Structure formats: structure tokens, C-alpha cells
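Working notes for the structure below.
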Amino acid sequence: MRERHASQGARRARDFESFVAGAGGRLLHAATLLTGEAPHDNPRARRLVTLALAHTYASWDRLRGEDPYDRAREYLATRFARGAWHHHGGLLSRTRPHPDSALADLGPHERLVLVLRLFEGIGEEQVSALLGMPQERVHALCDRATATVLHPPRRAARPVAEAGVAAS
């Protein structure tokens with residue numbers, strides 16, 4: 001009996017390691033887009049992925065044919081949403097997206113919907129159900145975020161004298 005549990009535990013660990021090897025990079029990329037951090041300096045994204053993977057591992061035996069990537073992505077998104085919507089003044093409002101991030105001009109709500117809809121390819125109905133918001137709101141946030149990414153707001157130019165001093 002003990003040997004059977006040991007072999008099941010070893011198989012579970014191998015299966016999970018294989019899952020992480022295949023899905024870890026994509027989850028980290030999605031989390032980096034959500035947090036708006038630079039790809040080479042993304043501690044909040046790494047923390048989100050670690051929490052999502054820990055949650056997925058904890059429920060690994062209960063997945064029963066469910067896609068573990070879906071479970072990890074769902075946890076990642078809801079954890080980010082809780083931080084963005086329920087902890088005003090918390091972690092997300094103290095830190096701004098990295099200015100070089102492709103989604104730096106978007107707010108956390110817009111980043112979340114855009115990443116789920118366009119990067120992850122999830123339908124509006126599913127995003128609506130996952131985030132607990134009306135489908136019309138998801139559609140509006142996605143449209144606004146897409147327009148902002150395609151036509152970013154103009155940045156204020158530095159004065160010429162200041163630019164010349166910085167170049168010397």
C-alpha cells in the first residue's frame with residue numbers, strides 16, 4: 001500500500017513537472033502582461049505564477065480530465081483581479097506599469113480583459129463569467145484597451161534644451 005502511494009506521488013510530481021515545463025513560460029508571459037512589468041524584471045508576475053501553480057498543484061488530483069492550464073490561468077486572473085479591484089491603495093496602485101510595457105497605458109481592468117480575450121483567446125462570455133461582470137462591460141473594456149494599444153496617447157515631449165543637456 002505504501003509503495004503504491006509512493007509511486008502515485010512520484011507520477012503526480014512528474015506529471016506536474018511536465019505541465020510546468022510546458023505551460024510555465026506562457027503563464028509567466030500572461031502574468032507579465034497583466035502586471036505591466038518589464039519581461040526581465042517581473043517579481044509581481046513571478047509571484048502570481050507561483051501562486052497559480054501552487055493552487056493548481058494542490059488541486060491536481062481533483063482535476064479529473066479538466067485542463068490544468070485552464071485552472072492555473074483562471075486562478076492567475078482572479079488573483080490579479082482581486083488585487084486590482086478589492087485592494088485599492090494596495091500593491092497594484094503603488095506600482096505603475098513599466099513604461100516600456102506594451103500595455104503600460106492601460107489600467108488593470110483593461111489589461112486583464114485584453115490579456116484574457118486577445119492573448120489567451122477566451123470568449124467574452126467566459127471572461128464575463130470568470131470575472132463576474134456583464135458581457136457588455138467586458139466588450140467595452142476590450143474595445144477601449146484595443147484602441148489605446150493601437151493608438152497610444154501622445155507623450156509630452158521633453159524641452160529641446162533639456163534633451164540637449166541629457167545627450168551631452
Taking the stretch 135-154, which residues are open to solvent by 70 Å² or more (accessible area, probe 1.4 Å), in a helix (DSSP H, G or I) and touching a residue at least 12 places away in the same chain (Cβ under 8 Å)?
His139, Arg144
Boolean, Ser101 is modelled with pLDDT under 95, within 14 Å of Leu33 (Cα to Cα) and hydroxyl-bearing (Ser, Thr, Tyr)
yes
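Would you tally the residues in the stretch 1-42 being assigned to a helix (DSSP H, G or I), touching a Pro at 6+ places or on another chain (Cβ under 6 Å) and closer than 24 Å to Glu110 by Cα?
Result for the stretch 1-42: 1.
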What pairs can you find where one residue is in the stretch 14-42 and at positive phi, the other is basic (Lys, Arg), and their Cβ atoms are less than 7 Å apart, with a gap of 6+ or different chains?
Gly36/Arg111
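One line per residue, one yes/no per condition, for (1) among the polar types (S, T, N, Q); (2) open to solvent by 50 Å² or more (accessible area, probe 1.4 Å); (3) touching a strand residue (DSSP E or B) at 6+ places or on another chain (Cβ under 6 Å); (4) at pLDDT 90 or above:
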| position | (1), (2), (3), (4) |
| --- | --- |
| Ala30 | no, no, no, yes |
| Ala38 | no, no, no, no |
| Leu53 | no, no, no, yes |
| Arg64 | no, yes, no, no |
Selection from the stretch 118-134 of residues that are open to solvent by less than 30 Å² (accessible area, probe 1.4 Å) and either in a helix (DSSP H, G or I) or small (Gly, Ala, Ser) (or both):
Gly123, Val127, Ser128, Leu131
Ala81 being under 15 Å from Glu120 (Cβ atoms) and modelled with pLDDT under 90:
yes
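The values are calculated or read from the model by the stated rules, or taken from the named source; none is laboratory data. Keep in mind it's a predicted model, so treat the numbers as computed, not measured. Note: ideal-geometry Cβ built from the backbone for every residue, glycine included; neighbour counts use all protein chains shown. Accessible surface is based on the protein model in full, side chains and every heavy atom, while ligands, DNA and RNA are left aside. Shrake-Rupley method; radii C 1.70, N 1.55, O 1.52, S 1.80 Å.
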